[in-house]
Each structure stands twice: as C-alpha cells, then as structure tokens.
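In what follows, a structure is listed as structure tokens, so that the remarks can point back to it.
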Amino acid sequence: MDAFSVSIVNAITGPDMRLGRKCGIAGVYAFFQFAMPLLGWLCVHTIATIFTPFQKFIPWIALGLLLYIGGKMVLEALRGEDGRECAACGKSGADCNGCKKKNGGKQLSFSVLLMQGIATSIDALSVGFTIADYGVVMAVIASLVIAAVTFVICMAGLFIGTAAGSTRLLTGRAQLAGGIILILIGMEIFVKGVVL
C-alpha cells in the first residue's frame, strides 16, 4: 500500500506520463517488493545473527529516505523550481525547449524512483523471516506473488494519480501535495515499525 500511495503521488506530479513509463515505475516497485523478502529469507538462512540487529534500523531508513524525497519535493514546490525531467525530451526543466508545455508531463528521475522503491519495500525484509521455513522454490514463488500484486496495485495507483493530477484542483499544488504525502508515508512506516 505504501508503493500504491507513492504511485499516486508520482502520477499526480506527472499526469501525462505514457503507459510505458507507468509500467516501468510499477515494475521498479514490484522488483523491490520481490527482492526484499528474498533478501530477508536469504539472511535468515545465511547471516541471521548479523541481520537481526540490523532489523531495528529498517523503519529509520525508510523514514529517512522518504523524508529526504518528500522534503525535496516540498522545497522545490515552495521555491517554484523544476529539476525534473521533461516527459517528451528527457531534459531537465531548465533545459527543456517547451516540450513540457506541449506535452505536459514531468517525470521523476531514475535515482529518485530507486530510492522510493527501496523506501517503500525495505520493511518487506521482515517478510523473509515469515517465509524462513519455505524452501528456495516456495520463497521465490511467494516473492513473485508479492511482486505481481504490487505491480497491479501500483498500476492502479498510477492511473488514479493521472486522473487526479489532470484536474484543475491540483494544478500548481501537485508537487507540494506529493511531497507532504511522501513525508506522511515515511512517518507511518516509522510509527508501525518502532512504536507499534
């Protein structure tokens, strides 16, 4: 659901993204949701004594990444900066030759997308502990199911965000709203992981 929420935010801030880009974004989230449980499973079967103390830092890492990404979006929105890539030409906002006006969309950078993927899936490392009794094949199948569900949910979020981002209500406020939502998601992951 964290990846679903972030997908909505990404589509709101770039409402004209093409289907291929949406599939790429959902694919990144699905990949991390596939890889993290397997990594947790692998840690249990190999380096459990090293990994167990690290587990308490997972909510802190997710909080830090999402605070950084969300805070940067909020600051850029308040300053009126546009450091994102144009959906049409791939250049940053300052270097774009009017494609943004013609084609409308902005895209998040690949590095930010990777950080979002890690931040929204890092708590899935713990899932590796719950599937620790599985063999390799069953662990991979369970992770594939998680990835497939994540992909479908994120695609739905991207389409919902596209519809919301194209409304006049969010015009000029999408990046600010998106940054605030990412900060809130980071805080929610932190509270679930540390307090509850």
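The values are calculated or read from the model by the stated rules, or taken from the named source; none is laboratory data. These numbers were taken from a predicted model, which means no experiment stands behind them. So basically every Cβ, Gly included, is an ideal-geometry build from the backbone, and we count neighbours across all protein chains shown. Protein only, heavy atoms only, side chains kept; ligands, DNA and RNA dropped before computing areas. Shrake-Rupley method; radii C 1.70, N 1.55, O 1.52, S 1.80 Å.
With every protein chain in place and a 1.4 angstrom probe, the accessible-area ranking of V28, V152, largest first, reads V152, V28. The Cα trace of segment 114-186 gives Rg and Dmax of 16.5, 52 Å, the first to one decimal, the second as a whole number.
Based on the mean of other beta carbon atoms within 10 Å per residue, what is the order of 160-166, 175-181, most packed first?
The most tightly packed comes first, giving 175-181, 160-166.
Note on surface exposure: W60, W41 rank W60, W41 by accessible area, highest first, 1.4 Å probe. What accessible area, in Å² to the nearest ten, does a 1.4 Å probe give for I122? Surface open to solvent at I122 totals about 10 Å².
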